[in-house]
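A short reminder: the numbers here are calculations on the coordinates, not readings from a lab. Quick caveat: nothing in here was measured; it's all calculated off a predicted structure. All Cβ positions, even for glycine, are placed from backbone atoms using ideal geometry, and neighbour counts span all protein chains on display.
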Amino acid sequence: MELSKIPGKIVSRILRGGNQQQEPFHSEWERQERPQWDQWARNKGFTQWENHKLPERIDGKSYLEVGCWEGLMCAEALRRGASSALGIDYCTSPDLTRIMREHGFQFVQMDIFSEKLLELPEFDLVHCAGVLYHVENPLSMMFRMRKLCVRGGALYIESSYVIVPKEARVMVFHPGTSFHDNPSNWWSPSESCLHEMFIAAGFSEVETISTWKIGPTAGEPYPIGRIVVRGKATSSPAHISQKVLPRFPALMPDAEGQGNRFGVKY
């Protein structure tokens, strides 16, 4: 993606060469010797790409990483032929700046619920790992993810999920610090719930790519695991708008207001 294609008020938030102030974030890997960190970073990006079963090659396609951390997946996308790669995250780090310099991708620091997100262009491939369970309204996030995908593009979501019978379309709420002692963990959907959220947001051909358990989670009544789900962006804006209409169509303008809350015409 070229800077000229991103609205001017967003461009000012793109980190280029580390000229902007960084938040004091330091991971355990930043304290290691640099060659060892570099090898870990390369392996991490490659392994996550392979485990989430993203395409082997994405030549000529645009790539967006939502919640990019150090930008490892953006770097991996460029190694696999992406024409452009953009990462967005609320956090930054010195390693993000360095990896961005080395590989040539771009970064925008923003909250995914910022209105500025809606000014971003659409992408052929959107990957979002470890974010869904951190937001207060996961379905609203899914609609925003749809906005970021070109029609026919793909969205990959990796998240925690609650392991219950597949027919149970439920989402578990994590109060306080009940999930991994982290107050920013809010929700874990079931597998079928996450599939239905994809569909509601305008995706089809939804499929589970992989699942794995993460061990006992103290304070949780159900086992929690991790899941990767993929969907194809296929709906039109008109299709999505039909979902957000009130539940009583007879009261809407296209019905000339003929009806009441029970759907009965006068």
For region 186-193, 3J(HN,Hα) per residue [Karplus equation, 6.51 cos²θ - 1.76 cosθ + 1.60, θ = phi - 60°, Hz, x = Gly/Pro]: 9, 9, 9, x, 6, 4, 5, 5
Taking 7 Å along the Cα-to-C-beta vector as the label spot, tell me the residue 200-residue 181 distance in nanometres, rounded to one decimal. 3.4
Could you give each residue of region 53-70 its phi-based ³J(HN,Hα) in whole Hz, using Karplus coefficients 6.51, -1.76, 1.60 with θ = phi - 60°, and x for Gly or Pro? 6, 6, x, 4, 10, 10, 4, x, 9, 8, 10, 10, 10, 9, x, 8, 6, 7
Taking 0.36 nm per residue of separation between residue 151 and residue 91 and subtracting their Cα-Cα distance, the length gained on full extension comes to 18.7 nm
Sequence-distant residues sharing a close amide H with residue 123 (under 5 Å, placed H): 149, 150
Sort 61, 147 so that the residue with the fewest other Cβ atoms within 10 Å of its own Cβ comes first and the one with the most comes last. 147, 61
For residue 85, which sequence-distant residues (separation of 5 or more, or a different chain) have an amide H within less than 5 Å of its own amide H, given hydrogens modelled in the peptide plane? 63, 106
Treat each spin label as a single point 7 Å out from the Cα along the C-beta direction, and report the residue 213 to residue 111 distance in nm. 3.8
Under 5 Å between amide H atoms, partner at least 5 residues away or on a different chain: which partners does residue 68 have, H built in plane at 1.01 Å? 88, 89
Along the Cα→Cβ direction, 7 angstrom out, place labels at residue 163 and residue 118. What is the inter-label distance in nm? 4.0
